[in-house]
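Only one structure is covered here, and it is reproduced in the block below.
The values are calculated or read from the model by the stated rules, or taken from the named source; none is laboratory data. Note that the structure is a prediction, hence the values are computed from the model and not measured. Note: ideal-geometry Cβ built from the backbone for every residue, glycine included; neighbour counts use all protein chains shown.
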Amino acid sequence: MPDLTSASAPVFRIRVAVPVYLYDCFDYMLSEQDYQKAQPGARVLVSFGRQNLTGIVTEKIAPDAPLSSEFKLKYITELLDDEPLLDTQTLNLLTWSAQYYQFPIGEVMHTALPALLRQGKPYNLLARMWKLLDEHADARLKRSERQQEAYKILKLHPSGTAENILNLAGVETATLKALEKKGICECVLEAQNFSPQAVSLAQMPLTANEDQKKAVQGILKAQKKYQAFLLDGLTGSGKTEVYLQVMQEVLKQGKQVLVLVPEIGLTPQTISRFQSRFHCDIAMLHSGLNDSRRLQAWQAAQTGKASIILGTRSAIFTPLPRLGLIVLDEEHDLSFKQQEGFRYHARDVALYRAHLQNCPVILGSATPSIDSYALVDQGKMTVLELNQRAGSAQMPKIHILDLKIAQKEHGISKILLAEMKKRLDKKEQVLVFLNRRGYAPVLICESCAWQARCPHCDANFTVHYQPYSHLHCHHCGTIHRLPDHCPACQHTELKSIGMGTAKVEESLNSLFPDHEVIRVDRDSTSRVGSWQKIYDKIHKSEPVILLGTQMLAKGHHFPYVTLVAVLDIDAGLLSVDFRAPERTAQLIVQVSGRAGRGEHKGDVYLQTLRPDHPLLLTLVNENYRAFAQQTLTERKNALLPPYRYTALIRCESSSQQQNQDFLQEHAGLLRQRSDLNADIWGPIPAPMERKAGRWQAHMVLLSQDRARLHYHMRSWWQNMLHQKPSTMKLTLDIDPQELS
Ligand code: ADP
Ligand code: ZN
Ligand code: ZN
């Protein structure tokens, strides 16, 4: 033990980001030998309280730096890595993100690591290779099919096979270990090859049209320096082709490209387009991977072996030694914003990362966010427009159906039904969109108007009949039996009102008995089978009816769909959230964009009780850009985001009074700061005041001066966390996307 009291003896210390909900990093001592090896970005095992946690070294403290005598420093338990896992730039990005979103640094650092590394598992730059020792073991394996299978594969590769490849081929590590025990094979460690492959074209690029050419050239001019581009292109205008042609140049220079998409599982075609264009290593990072595959993909990215990294939101934090371009497709999509815990927005982090890296970043969408248009307006982003559909496809025409006067069958306008029939008779496909799953959103008593409500939330139960009859709360997950009589008046006639996808499926089956109805929502995808299966069906050109929720609206290419029906958009038109019009317009345009992508022109029908709503009129008579410009002006005049920066404080406890009092008191403290220059809205009850049995309240801070707002909030927020009762939950959402 070094003598801590003597000022002259050097003390070897490092600063560590520990994954706990605390805002500081913590200092630990270590041996001189470990100190020499330790580097920022490496993992260390440390004891914290009673736990053993995996932290990240953020700093080496000079041995002669004065020691604060306040705490007795502990020794680290173990230095886990000789090489840093996170490079300097990734560390900078994470530190910036933790500060910007005011979230504990240790937790933020953990976001950047695959689960196995978070758990402290060794990070091997060595591969486990399995080699056969006994080539005449057939007879000994009669009893185990798995072992026979593994043995056969090993026999095919006398020089040995990497464990991860065997795993991919379906051979489990346990099986290999069983064979090893019998002396049939052995495991040896070999250095892996992480050098990147040369990238070559696997497929010729398409001949770009004028708009595409301009976009590609515009972006390529900005290579090797930071510039943000908004690729604003109609649905089906060939944005992906623009990405691919820009990527080709960047890859040619030996750089890596990071491509972020909303949900990989739902867009297999986008992935296959990247895969089929280039011969190179592509690492995919998304939530569908198991831990070891995720680690493999992360390693390919982190070592620089993979040239293209395709991932969802959190892939923005992957260390990439040769990053040269970031692409964010469907940039308006809400899934880029993490809605719990560390609430970052991958789009904003991407802009900052490109800035750190000095490389271009492309945000692409047919319905860009108002936030991005505002950046264009302020000269911080360059807009590139694609104004025609690629190939021969034309934009669909939007028709509005007034539900107040329409004759209906099963809640669907007869005019719409006749149009659907016409299309199906011509062997074309129809897409019916309804953003509400389940059978019906309301169950009501016909005699006394009792409604089935969740006992824990301010919300109705949704009626479900699949896979069995039940009531389900979509907010807290509570499930109740479906009552056969009214609990209030004992009446036996209970009626379900409104429609969910399951009810529409039933209606469509009876209205169109000769056509298959394929329902795609969160309840059905598990029933029907994988998305891939549904997808194959859709691409077989049979006259089917596709019915689904949001899942169907996103980025898909359905060449045989010529008619899109949106059954109910009124919820979006009537919502009080100031962002609701933006989301509704995006949804309408995105779902409309699924029509007429092939040779035939498409039509879109919208059912509504508000046919004169200005948003609809602008979309029908003009287009999304006109809508966006209007919205931008409105937000500017009302000083709403993005023209003011916001922070939302959510407060949850068992008493609304307690929430209100607590927030009120702290709002008062903030108001006392004379140079704050911000508005404070609230505290007010949240739009859904009670959720899962707990009371919710909100408070919103708004300011035109972001730096000052964040500066003032920092100490105020941490103080608030410090003082809150232990049963209260407080969260902070910087630049919130939803006020619920
Ligand atoms: P977006 O992403 O803008 O919705 P896509 O990139 O999916 O559009 O392109 C729509 C279709 O047009 C795709 O089938 C694509 O292969 C095709 N396409 C794109 N660019 C061209 C081009 N220059 N010439 C011919 N076809 C193209
Ligand atoms: Zn009743
Ligand atoms: Zn509930």
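Let me confirm something: among 481, 453, which residue is within 16 Å of ligand 3 (Cβ to nearest atom), exposed (fewer than 12 other Cβ atoms within 10 Å of the Cβ) and closer than 25 Å to residue 694 by Cβ?
481
Starting from residues that are modelled with pLDDT of 95 or more and over 11 Å from the mean Cα position of the chain (by Cα), keep the ones in segment 332-342 and report whichever is surrounded by the fewest Cβ atoms within 10 Å (Cβ to Cβ).
Across segment 332-342, the extreme among qualifying residues is 342.
Among 432, 463, which is the only one that is within 30 Å of residue 620 (Cβ to Cβ) and of a type in the set (A, V, I, L, M)?
Working: 463 fails: within 30 Å of residue 620 (Cβ to Cβ).
Exactly one of 432, 463 is within 30 Å of residue 620 (Cβ to Cβ) and of a type in the set (A, V, I, L, M), namely 432.
Specify which of the listed residues (471, 431, 417) is more than 19 Å from residue 606 (Cβ to Cβ) and either modelled with pLDDT of 95 or more or within 16 Å of ligand 1 (Cβ to nearest atom) (or both).
On the way: 431 fails: more than 19 Å from residue 606 (Cβ to Cβ); 417 fails: more than 19 Å from residue 606 (Cβ to Cβ).
Answer to the check: 471.
Just wondering, is there one or more residues in segment 383-403 that are more than 16 Å from ligand 3 (Cβ to nearest atom), surrounded by fewer than 20 Cβ atoms within 10 Å (Cβ to Cβ) and over 30 Å from residue 558 (Cβ atoms)?
no
Results for (1) touching a Leu at 6+ places or on another chain (Cβ under 8 Å); (2) in a helix (DSSP H, G or I); (3) among the small types (Gly, Ala, Ser); (4) buried (at least 17 other Cβ atoms within 10 Å of the Cβ), shown as yes or no for each residue.
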site: 35; (1), (2), (3), (4): no, yes, no, yes
site: 52; (1), (2), (3), (4): yes, no, no, no
site: 63; (1), (2), (3), (4): no, no, no, no
site: 82; (1), (2), (3), (4): no, no, no, no
site: 98; (1), (2), (3), (4): no, yes, yes, yes
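So residue 211 fits all but one of (1) within 27 Å of residue 396 (Cα to Cα); (2) buried (at least 21 other Cβ atoms within 10 Å of the Cβ); what number is the exception?
The failed condition is (2).
Within segment 492-510, restricting attention to residues that are surrounded by 14 or more Cβ atoms within 10 Å (Cβ to Cβ) and in a loop (DSSP other than H, G, I, E, B), which residue is farthest from ligand 1 (Cβ to nearest atom)?
498
Go through (1) out of contact with any helix residue (DSSP H, G or I) (no Cβ under 9 Å at 6 or more places or on another chain); (2) modelled with pLDDT of 95 or more; (3) within 16 Å of ligand 1 (Cβ to nearest atom) for residue 393 and report which single condition fails.
(2)
From the set of residues in segment 557-585 that are more than 30 Å from residue 532 (Cα to Cα) and acidic (Asp, Glu), which is modelled with the highest pLDDT?
Filtering first and then ranking leaves 582.
All but one of (1) out of contact with any strand residue (DSSP E or B) (no Cβ under 8 Å at 6 or more places or on another chain); (2) of a type in the set (Asp, Glu); (3) part of a loop (DSSP other than H, G, I, E, B) hold for residue 107; which doesn't?
The single condition residue 107 does not satisfy is (3).
Condition check ((1) assigned by TED's automatic domain parsing to the domain that holds residue 565; (2) not acidic (Asp, Glu)) across all residues:
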position: 372; (1), (2): no, yes
position: 402; (1), (2): yes, no
position: 407; (1), (2): yes, yes
position: 427; (1), (2): yes, yes
position: 450; (1), (2): no, yes
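Could you tell me whether segment 132-147 includes any residue that is surrounded by 17 or more Cβ atoms within 10 Å (Cβ to Cβ), in a loop (DSSP other than H, G, I, E, B) and not basic (Lys, Arg)?
Checked segment 132-147: at least one residue is surrounded by 17 or more Cβ atoms within 10 Å (Cβ to Cβ), in a loop (DSSP other than H, G, I, E, B) and not basic (Lys, Arg).
Is it the case that residue 361 is over 28 Å from residue 608 (Cβ atoms), crowded, with 23+ Cβ neighbours inside 10 Å and more than 16 Å from ligand 1 (Cβ to nearest atom)?
So residue 361 passes the test.
Within segment 234-279, how many residues turn out to be in contact with a His (Cβ under 9 Å, 6 or more places away or on another chain) and either at pLDDT 85 or above or not assigned by TED's automatic domain parsing to the domain that holds residue 358 (or both)?
1
Mind listing whichever residues of segment 148-181 are modelled with pLDDT under 90, hydroxyl-bearing (Ser, Thr, Tyr) and assigned to a helix (DSSP H, G or I)?
173
If the Cβ limit is 7 Å and pairs must be 6+ apart or interchain, which residue in segment 438-466 that is among the acidic types (Asp, Glu) and at pLDDT below 95 pairs with which residue that is within 14 Å of ligand 3 (Cβ to nearest atom) and part of a strand (DSSP E or B)?
458/688; 458/689; 458/690
Do you know which of the residues in segment 378-415 that are among the small types (Gly, Ala, Ser) and within 28 Å of residue 440 (Cβ to Cβ) is nearest to ligand 2 (Cβ to nearest atom)?
By that ranking, first place goes to 411.
In segment 364-396, how many are out of contact with any Phe, Trp or Tyr (no Cβ under 9 Å at 6 or more places or on another chain) and outside any loop (DSSP other than H, G, I, E, B)?
Here is the first cut: in segment 364-396, the residues out of contact with any Phe, Trp or Tyr (no Cβ under 9 Å at 6 or more places or on another chain) are 365, 369-373, 375-380, 385-396.
Within this subset, residues satisfying the condition of being outside any loop (DSSP other than H, G, I, E, B) are 365, 370-373, 375-377, 385-386.
Residues flagged as out of contact with any Phe, Trp or Tyr (no Cβ under 9 Å at 6 or more places or on another chain) and outside any loop (DSSP other than H, G, I, E, B) within segment 364-396 amount to 10.
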